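> Have a look at the structure that comes next, please.
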Amino acid sequence: MNKYLNSLSRVLIAVIFVVSGFGKVTGFHEMVAMAGAAGLPLPTIALAIAALIEIAGGFALLAGWQVRWASLALFAFLIPATLLFHAAHLGDPVQGRMQMIEVLKNLAIMGGLLKFYVDSSGESASVVARPEVEREDRRARRAS
């Protein structure tokens, strides 16, 4: 059951990034203009990199390939995206409420990405995620 839920959760989060990345590609000139107006330096290059990270990271999550690094890259991508494009407008009387929803959505996605990172980190992650395993291991070693 967990196997299916893990796959489903990766798919659900991956879709957000794949759709967003392709949206940047298909509306590239409009997105560059918006990013430039927001004060993003080198908006053409920055947007191309953002689309690449979203598409590649999204497909990696979707396929279950290099999940640890894909989730880390997407997490790192969300930090400046959230701060520059959403948190910066929280005080705006027109956009404030919608931007708060965007910030909270990104924080929730970041939580899921951190979970993927921890779950795919191997043995150390399972011990951190389940401290009872470490206690049982110590008891078994003492008993032998």
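The values are calculated or read from the model by the stated rules, or taken from the named source; none is laboratory data. Since the model is a prediction, treat every value here as computed from it, not as a measurement. Neighbour counts run over all protein chains shown; Cβ positions are idealised from the backbone, glycine included.
> Which of the residues belonging to the range 48-69 are under 16 Å from THR82 (Cβ atoms) and in contact with a Leu (Cβ under 9 Å, 6 or more places away or on another chain)?
ILE53, GLU54, GLY57
> I'd like the residue in the range 25-37 that is touching a Leu at 6+ places or on another chain (Cβ under 6 Å) and under 25 Å from ALA108 (Cα atoms) and, out of all such residues, is surrounded by the most Cβ atoms within 10 Å (Cβ to Cβ).
If we take residues in the range 25-37 being touching a Leu at 6+ places or on another chain (Cβ under 6 Å) and under 25 Å from ALA108 (Cα atoms), then ALA35 is surrounded by the most Cβ atoms within 10 Å (Cβ to Cβ).
> Quick one: which helices (runs of 4 or more DSSP H) lie wholly within the range 1-112 and hold at least 2 residues that are of a type in the set (Lys, Arg) and in contact with a helix residue (DSSP H, G or I) (Cβ under 7 Å, 6 or more places away or on another chain)? Even if it seems obvious, please write down each step before you answer.
Numbers: elements: 2-26, 28-37, 43-63, 67-85.
Answer list for the range 1-112: 2-26.
Quick grid of which residues meet (1) free of Cβ contacts under 8 Å to residues at least 24 places away in the same chain; (2) of a type outside the set (Phe, Trp, Tyr):
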position	(1), (2)
SER7	no, yes
ALA37	yes, yes
PHE59	no, no
GLY64	no, yes
SER71	no, yes
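> Given (1) in contact with a Ser or Thr (Cβ under 7 Å, 6 or more places away or on another chain); (2) farther than 21 Å from GLY122 by Cα; (3) of a type outside the set (D, E, K, R), where does VAL67 come up short, assuming only one miss?
(2)
> Of the residues in the range 46-72, how many are among the small types (Gly, Ala, Ser) and surrounded by fewer than 19 Cβ atoms within 10 Å (Cβ to Cβ)? Step through it out loud before you land on a result.
Just the residues of the range 46-72 that are among the small types (Gly, Ala, Ser), to begin with: 46, 48, 50-51, 56-58, 60, 63-64, 70-71.
Now narrow it down to the ones that are surrounded by fewer than 19 Cβ atoms within 10 Å (Cβ to Cβ): 46, 48, 56, 63-64.
Number of matching residues: 5.
> Filter the range 77-118 down to the residues that are charged (D, E, K, R) and closer than 16 Å to MET34 by Cβ, then identify the one that is modelled with the lowest pLDDT. Step through it out loud before you land on a result.
Of the residues in the range 77-118, the ones charged (D, E, K, R) are 92, 97, 102, 105, 115.
Adding the requirement that they be closer than 16 Å to MET34 by Cβ leaves 92, 102.
Working: ASP92: 87, GLU102: 93.
Checking each candidate, the answer is ASP92.
> Moving on. When the residues of the range 73-107 are filtered to those that are touching a Ser or Thr at 6+ places or on another chain (Cβ under 8 Å) and aliphatic (A, V, I, L, M), which remaining residue is surrounded by the fewest Cβ atoms within 10 Å (Cβ to Cβ)?
It comes out as LEU107.
> Filter the range 14-24 down to the residues that are under 19 Å from HIS86 (Cα atoms) and surrounded by 15 or more Cβ atoms within 10 Å (Cβ to Cβ) and list them by number.
Listed by number, the residues that qualify are ILE16, PHE17, SER20, GLY21, LYS24.
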